[in-house]
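K.L.:
Pasting a structure below so you can have a look.
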Amino acid sequence: MDAHLQRVLIETYTAVRPKRNAVTHGVWGEIEDGKLVFDFEYVDDLDPAKPTKHDTDVISEATVVAFSDFGAFLFGRLADPSKQSPDDVATLRRLSNGFQELHGLTAVAVPDRQFFRVVRTTDQDSINIEEITEAIRKVSPTAKEIAFELEIKCTIDKWMIPAQQTAMLKGDVLLSKLSKFKG
């Protein structure tokens, strides 16, 4: 694994652990305008002196979303290694830059290629790849390159198409032509 990402995981765990414990086991604070406003005391059981500490941190909504995106992406790759690609480290590094206030590490430069996970629900027999690409470009207009995995839901059927395959799809694609991705 990437040394920077290892540090991100360790430092984030260290910073978030007391907050997670407070949210799970007691009174921790409140949500104000999408921000998590922490205000609680805890015993630091990682310090041999076991001091009582007071946490009065404010975590922005953007940081929470970036941290959630990072976790979902990482655990999705760990749970299903068939989805892993060489671009995953760059994607994780980019996502980790978004919650820098939690891990406290310097942001790292990443390629301008950005990764997305797209979920489309349809009642049609085809999916338009250009519409998806245009929607991604609206969300991330400065990305030089984009990649996306695609989950399609149609009634009770579902298709999971990895990014390596979506890169080869163009125009309107019949769902019947995606049978190898049907699950």
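The values are calculated or read from the model by the stated rules, or taken from the named source; none is laboratory data. Predicted model only: the values in this text are computed from it and were never measured. Quick reminder, even Gly has a Cβ in these numbers, built from the backbone with ideal geometry, and neighbours come from all protein chains shown.
K.L.:
If I ask for residues that are free of Cβ contacts under 8 Å to residues at least 24 places away in the same chain, of a type in the set (S, T, N, Q) and within 18 Å of Leu5 (Cα to Cα), which ones from the stretch 51-85 would you list?
P.N.:
Ser68, Gln84
K.L.:
Return a yes/no flag: does the stretch 129-142 have any residue that is closer than 28 Å to Ile10 by Cα, in contact with a strand residue (DSSP E or B) (Cβ under 6 Å, 6 or more places away or on another chain) and touching a residue at least 24 places away in the same chain (Cβ under 8 Å).
P.N.:
No.
K.L.:
Mind checking which strands (runs of 3 or more DSSP E) fall wholly inside the stretch 73-183 and carry at least 2 residues that are basic (Lys, Arg) and surrounded by fewer than 17 Cβ atoms within 10 Å (Cβ to Cβ)?
P.N.:
113-121
K.L.:
So if I check each of Asp69, Asp39, which one is touching a Gly at 6+ places or on another chain (Cβ under 6 Å) and either modelled with pLDDT of 90 or more or not basic (Lys, Arg) (or both)?
P.N.:
Result of the check over Asp69, Asp39: Asp39.
K.L.:
Filter the stretch 86-106 for residues that are out of contact with any Leu (no Cβ under 9 Å at 6 or more places or on another chain), touching a residue at least 40 places away in the same chain (Cβ under 8 Å) and within 19 Å of Val16 (Cα to Cα) and give the result.
P.N.:
Phe99, Glu101, Leu102, Gly104, Leu105
K.L.:
Also: Of all residues in the stretch 1-52, how many are surrounded by fewer than 16 Cβ atoms within 10 Å (Cβ to Cβ) and among the hydroxyl-bearing types (Ser, Thr, Tyr)?
P.N.:
Total meeting the criteria: 4.
K.L.:
Here is a list: Thr14, Thr63, Thr106. Which entry is within 15 Å of the chain's Cα centre (by Cα) and among the polar types (S, T, N, Q)?
P.N.:
Criteria check complete, one pass: Thr63.
K.L.:
Here is a further query. Of everything in the stretch 157-176, what is in contact with a Lys or Arg (Cβ under 6 Å, 6 or more places away or on another chain) and closer than 13 Å to Arg120 by Cβ? Give them in sequence order.
P.N.:
Trp159
Listed here are the residues, each with its yes/no results for (1) in contact with a Lys or Arg (Cβ under 9 Å, 6 or more places away or on another chain); (2) in the same structural domain as Glu151 (by TED's automatic domain parsing); (3) of a type in the set (Gly, Ala, Ser); (4) on the phi < 0 side of the Ramachandran plot.
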{"site": "Asn21", "(1), (2), (3), (4)": "no, no, no, yes"}
{"site": "Lys50", "(1), (2), (3), (4)": "no, no, no, no"}
{"site": "Val58", "(1), (2), (3), (4)": "yes, no, no, yes"}
{"site": "Ser68", "(1), (2), (3), (4)": "no, no, yes, yes"}
{"site": "Phe75", "(1), (2), (3), (4)": "no, no, no, yes"}
{"site": "Gln84", "(1), (2), (3), (4)": "yes, no, no, yes"}
{"site": "Asp88", "(1), (2), (3), (4)": "yes, no, no, yes"}
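K.L.:
OK, next. Between a residue in the stretch 32-50 that is closer than 14 Å to Val16 by Cα and any residue that is aromatic (Phe, Trp, Tyr) and surrounded by 10 or more Cβ atoms within 10 Å (Cβ to Cβ), which pairs come within a Cβ distance under 6 Å, given they are 6 or more apart or on different chains?
P.N.:
Once the first residue is closer than 14 Å to Val16 by Cα and sits in the stretch 32-50, its partners that are aromatic (Phe, Trp, Tyr) and surrounded by 10 or more Cβ atoms within 10 Å (Cβ to Cβ) give Phe38/Trp28; Phe40/Trp28.
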